[in-house]
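These notes concern the structure reproduced below.
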Amino acid sequence: MKNETKMKRILLILLLVSPLLMFAQDDDEISAADIAKKMQDPLAHIAAIMSDNDFLFKTGDDDFSFSSSIQPVKAWSFDDAGFNFVARGVIPVVGLAPLATKPPGIVEPSVSKESGTTWGLSDIITQFFFSPKTEGAWKWGAGPMFSLKTRSDERLSGPGWGSGPVGVIVGGTGNFAFAFIGGHLWSFDGDFSSSIFQPMIFYNFENKPGLSVAYNNQWSYNWKASSGNELTIPLGVSINKSVSMGKGNGMEFGIGPYWNILRPKGAASSLIRFNLAWVFP
C-alpha cells in the first residue's frame, strides 16, 4: 500500500508538471533555444549545476528508493592552445531501500530487510575532458575520470578510490542533437571494475524553442558482478523545457519514465526521472 501511494503521488506530479513543460513561455525564445543547445552538449562552453533525480520503483524486495545525481560543470577555452577544457562532477545522494542496489554500485546486496532505508552520500566521480577546437558539425573530447571514496555509509558504496579513461562525441543534424559518453572505472584496491555508457538523443521542436524530447540515461556493465548481474540498460523518454531567466541565466527542467530492461538483482524495475539545471552567465 505504501508503494502504491507513493506511485500515485509521483504520477500526479507528472501529470501536473507535463503541461507546464509543453506550454511554458519565455521572454527571449532565442536564448531559451541556445540554453537547450548547450544543455544537450557535454562539451559546451558553459557553467551550470545539473541534477538527475530518480524515483526508483520495485528495488530490493519490491521497495521504493531514491537517487539524486548533482552535477556541477564548468568549461574553459584555451584559444592559443586550440582546445577547450571541461570539468564535471557527479555527486550522488541516495536513499536506498533494504536489499536494493543502485548500479554501478553494490550489486550483491547483503543487508537484512529489517535494516531500513539508508540515506546519505555515495562516492563522488569527477570527469575531465580535453576537446580540440573545430568548426565541424561533430566534435570529441577525452580525458581522465576519478572516483573519490566519499560514502557516508558502506551500504551506499560505489567505486571507492579509483580512476579510468572517459571520452565523449557530440554532433547533430537538423532538429536532432546527439552525444555519447563512454568510460571505465577501476578501483585502486581491485574490488571495482565497471564500464559506463551514456547515449543521448534529443529532438528539438522548431515552433517551441527550448522544448525537446530526449533519451538520456546511463548504461553500465560491472565486470566484478556475478553472472546475470553485470548489465544495466534503461529505456524510456523525457520531455524537457529550457527557460531564459535574463542576464545570461537560464533553467532547464524535464521529466520522464524509464524501464530497466536489463538490471542486476535489487535494482529498480522502473523509474521516473525529474531533471533540473541552472545555467550561469
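What to note about this one:
- Residues that are farther than 26 Å from Ala75 by Cα, more than 14 Å from the chain's Cα centre (by Cα) and hydroxyl-bearing (Ser, Thr, Tyr) do occur in segment 218-226.
- Among the residues making up segment 202-231, those that are part of a strand (DSSP E or B) and under 21 Å from Gln127 (Cα atoms) are Asn216, Trp219, Ser220, Tyr221, Asn222.
- Filter result for Gly171 (in a strand (DSSP E or B) and touching a Lys or Arg at 6+ places or on another chain (Cβ under 8 Å)): yes
- Close pairs from segment 161-187: first touching a residue at least 40 places away in the same chain (Cβ under 8 Å), partner among the basic types (Lys, Arg), Cβ under 7 Å, at least 6 apart: Val170/Lys139
- Tallying residues that are of a type outside the set (Gly, Ala, Ser) and buried (at least 16 other Cβ atoms within 10 Å of the Cβ) within segment 150-177 yields 9.
- As for segment 229-240, it holds no residue that is at pLDDT 95 or above, closer than 18 Å to Lys37 by Cβ and over 16 Å from the mean Cα position of the chain (by Cα).
- Among residues of segment 116-140, those that are modelled with pLDDT under 95, of a type in the set (Gly, Ala, Ser) and in contact with a Lys or Arg (Cβ under 8 Å, 6 or more places away or on another chain), counted: 2
- Considered as a group, the residues in segment 245-281 that are part of a loop (DSSP other than H, G, I, E, B) and in contact with a Leu (Cβ under 7 Å, 6 or more places away or on another chain) include one that is surrounded by the most Cβ atoms within 10 Å (Cβ to Cβ), and that residue is Ala268.
- Test: Gly174 is among the small types (Gly, Ala, Ser), at pLDDT below 90 and under 20 Å from Lys37 (Cβ atoms): no
The values are calculated or read from the model by the stated rules, or taken from the named source; none is laboratory data. If you're wondering where the values come from, they're calculated on a predicted model, not measured in any experiment. With ideal geometry, Cβ positions are generated from the backbone for all residues, glycine too; neighbour counts draw on all protein chains shown.
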